[in-house]
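The values are calculated or read from the model by the stated rules, or taken from the named source; none is laboratory data. None of the values given here were measured: they were computed from a predicted structure. Every residue, glycine among them, receives a Cβ derived from its backbone with ideal geometry; neighbour counts consider all protein chains shown.
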Amino acid sequence: MAETTEEELKVLAAKAGLSDLPAEYKAELLSAYRHLEVMIARICRDRPQADEPAHVFDAATFARKA
Amino acid sequence: MAEFLTIAEAARRIATRDLSPVELLHTCLARIDAVDAELNSFVALTRERALEEAKAAEAEIMAGNYRGKLHGIPYNLKDIFETKGIRTTAQSKTLADYVPAEDCDAQQRLAAAGGVLLGKSATWEFAHGGPSWDVLFPPCRNPWDLDKDPAGSSSGSGASIAAGMVLGTMGSDTGGSIRGPAAANGIAGLKPTYGRVSRRGVLPNCFSHDHAGPLAWTSEDLAILMNCVAGFDPRDPGSVDLPVPNYTAALTGEVKGLTIGVPYRWLEEEAPPSAPTRTALDAALNVFRAMGASVRPVELPKLRAYEDAKKIIAMAELYTIHGPELRQRPELFGASLRYRIIAGGLIRAEDYIQAMRLRTELARAMQATFAEVDLMMLPAGEPAKKLQPQPPESLFTKVGYTTAFNVGGNPALALCMGFNEEGMPFSLQIVGKLFDEATVLKAGDAYEKATPWRERRPALVA
């Protein structure tokens, strides 16, 4: 997976509401994201459509409350 | 200074009126007054309230109304456990004035059992970023050596148990935050199965991987605490409605016939421990062999895969929790935590869900391996190193032995397995099948009783 470009990062940061961060924190954001994208790139994407993710929704919990 | 008592020992003496809860509390307070200015293990000390609770416990017991093994026992709570009327800060400037209106589930249960709340213990900021020198309180230190790191994030819980300032405590574990401090401080700490102990009222780190659990001097004491705090809570969405066994009754000392799996590929190829730690592990495994257990290798997916899945999920969840504050007042966060969450807002939904799919795959692989063995054993980590700021990127590059069991959700115990040349504790990790804390604690208790490691306390308080 290609490294995210500076321009792409600006778009992602804007979507996260981080456009107005002071410059020192933008440097932190960039540094941390460079490590994060390495981990994301390692994750397998070749999965069956019905491959269900782990989650904590348990209908029994809600039925009990009702 | 007075003798050190475990919960089990103190309970026996309190039940027979040989020891007063007020007397026991004063022993704990004397140790706190003597050493905690150096240790920083408490961020709030509820001295007057504790004295009232101890007096009430004493009066009840003298009137013949003994509630059980936690009646009159002093404990503290990691400062992410909400306590009604007592400031709960998560060691963060963002919560400097937060006073909860309700107790967390654990506090409700411990209070009902007659425990004596002595205060709140130091944590890494929001149980995630640390150690830090730029948050609400200074970092906790290690009672075995004040220059050493007590590990995190349940730092104060671990240090206060080792120093005998309380007999029990509750911490939280999202990637190793109970087991790391238990290891560094030479005590016992249990991360129960996900859903076994309620997280209601525990400030979140990462919803999908957060576990609440006890720390104490011995596995027997953990069993006593688990008898109190384990159980279904309909107000925790992750809580599981399954019968809870009597954990102390499970401590039979009998480990003969148990099959212990060791993930040797992790230890020999992917993340080899230091030679002294490996020697300590091999010696611990020999103790179990001598007690009649068998040891065999097991194969698991790569540690790195467990770390990747958990960290991507955690960063997305952390940003969801802290994003609003981070966008408005980033300077209020410590640099360590801020670095660990700031990029979480850039994770796309597809990547988060792919990480959750990977978690499913990894958790299934973990449970499949447990079809072959009763327990797994490996180190909890390395002995404590110097307390100093850690490079923030270490979160992303570090691979440890604890996170995999948060991903799997399995119960995992850290307990002392000896000391290195510097006098710092080694720690053994014992992992069990889902919801089988009883076998984990049984093995831990048998090991502690077969070895001399529980006889030594830090020189600071000995």
**Q.** Of the criteria (1) more than 7 Å from chain B (Cβ to nearest Cβ); (2) surrounded by 12 or more Cβ atoms within 10 Å (Cβ to Cβ), which one residue A:40 fails
**A.** (1)
Q. Of all the residues that make up segment B:101-119, how many are part of a loop (DSSP other than H, G, I, E, B) and touching a residue at least 40 places away in the same chain (Cβ under 8 Å)?
A. 6
Q | Failed item in (1) more than 7 Å from chain B (Cβ to nearest Cβ); (2) closer than 12 Å to residue B:346 by Cβ; (3) surrounded by 12 or more Cβ atoms within 10 Å (Cβ to Cβ); (4) without any contact (Cβ under 8 Å) to a residue 12 or more places away in the chain, with residue A:14 passing the rest | A | (3)
Q: Could you check how many residues of segment B:194-238 are within 14 Å of another protein chain (Cβ to nearest Cβ) and at positive phi?
A: 1
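Okay, residues lined up against (1) among the aliphatic types (A, V, I, L, M); (2) surrounded by 22 or more Cβ atoms within 10 Å (Cβ to Cβ):
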position	(1), (2)
B:301	no, no
B:307	no, yes
B:312	yes, yes
B:316	yes, yes
B:320	no, no
B:326	yes, yes
B:332	yes, no
B:336	no, yes
B:341	yes, yes
**Q.** From A:33, A:25, residue being touching a residue at least 24 places away in the same chain (Cβ under 8 Å), within 7 Å of chain B (Cβ to nearest Cβ) and out of contact with any Cys (no Cβ under 8 Å at 6 or more places or on another chain)
**A.** A:33
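Of the residues B:297, B:272, which single one is free of Cβ contacts under 8 Å to residues at least 12 places away in the same chain and away from chain A (no Cβ under 14 Å)?
Numbers: B:297 fails: free of Cβ contacts under 8 Å to residues at least 12 places away in the same chain.
Of B:297, B:272, the one residue that is free of Cβ contacts under 8 Å to residues at least 12 places away in the same chain and away from chain A (no Cβ under 14 Å) is B:272.
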Q. Restricting to segment A:21-34, what's the tally of residues that are surrounded by fewer than 17 Cβ atoms within 10 Å (Cβ to Cβ) and not acidic (Asp, Glu)?
A. 6
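Considering B:274, B:239, which residue is modelled with pLDDT under 95 and within 24 Å of the chain's Cα centre (by Cα)? Explain how you work it out, then say what you get.
On the way: B:274 fails: modelled with pLDDT under 95.
Being modelled with pLDDT under 95 and within 24 Å of the chain's Cα centre (by Cα) holds for just one of B:274, B:239, which is B:239.
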Q) Quick one: how many residues across segment B:81-118 are in contact with a Leu (Cβ under 7 Å, 6 or more places away or on another chain), of a type outside the set (S, T, N, Q) and farther than 23 Å from residue B:227 by Cβ? A) 3
Q) Which residues, taken from segment B:383-442, are in contact with a helix residue (DSSP H, G or I) (Cβ under 6 Å, 6 or more places away or on another chain) and more than 21 Å from residue B:366 (Cα to Cα)? A) B:384, B:392, B:393, B:395, B:396, B:415, B:416, B:417, B:418, B:420, B:426, B:427
**Q.** From the options B:330, B:324, residue that is over 29 Å from residue B:193 (Cα atoms) and more than 7 Å from every other protein chain (Cβ to nearest Cβ)
**A.** B:324
Q) Can you spot a residue in segment B:232-249 that is surrounded by 13 or more Cβ atoms within 10 Å (Cβ to Cβ), of a type outside the set (Asp, Glu), in contact (Cβ under 8 Å) with a residue 60 or more places away in the chain and more than 22 Å from residue B:192 (Cα to Cα)? A) no
Q: State which residue pairs qualify: first residue among the β-branched types (Val, Ile, Thr) and inside segment B:343-358, second residue modelled with pLDDT under 95 in any location, beta carbons under 6 Å apart, and separation of 6 or more residues or different chains.
A: B:353/A:53
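Do the conditions hold for residue B:194, that is, is it assigned to a loop (DSSP other than H, G, I, E, B), of a type in the set (Phe, Trp, Tyr) and under 22 Å from residue B:451 (Cβ atoms)?
Values: assigned to a loop (DSSP other than H, G, I, E, B): yes; of a type in the set (Phe, Trp, Tyr): yes; under 22 Å from residue B:451 (Cβ atoms): no.
So residue B:194 does not fit the description; no.
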**Q.** Of residues in segment B:120-152 being under 17 Å from the mean Cα position of the chain (by Cα) and part of a strand (DSSP E or B), the one surrounded by the most Cβ atoms within 10 Å (Cβ to Cβ)
**A.** B:121
Q.
Suppose we keep only residues that are in contact with a helix residue (DSSP H, G or I) (Cβ under 9 Å, 6 or more places away or on another chain) and closer than 30 Å to residue B:329 by Cα within segment B:65-84. Which one would you say is surrounded by the fewest Cβ atoms within 10 Å (Cβ to Cβ)?
A. B:84
Q: Please verify whether segment B:441-456 includes one or more residues that are in contact with a Phe, Trp or Tyr (Cβ under 9 Å, 6 or more places away or on another chain), assigned to a loop (DSSP other than H, G, I, E, B) and more than 14 Å from every other protein chain (Cβ to nearest Cβ).
A: yes
Q: Spot the failing condition for residue B:266; the list is (1) in a loop (DSSP other than H, G, I, E, B); (2) in contact (Cβ under 8 Å) with a residue 40 or more places away in the chain; (3) hydrophobic (A, V, I, L, M, F, W, C), and only one is missed.
A: (1)
(Q) I'm told residue B:255 meets every condition in (1) within 14 Å of chain A (Cβ to nearest Cβ); (2) farther than 30 Å from residue B:353 by Cβ except one. Can you identify the failing condition by its number? (A) (1)
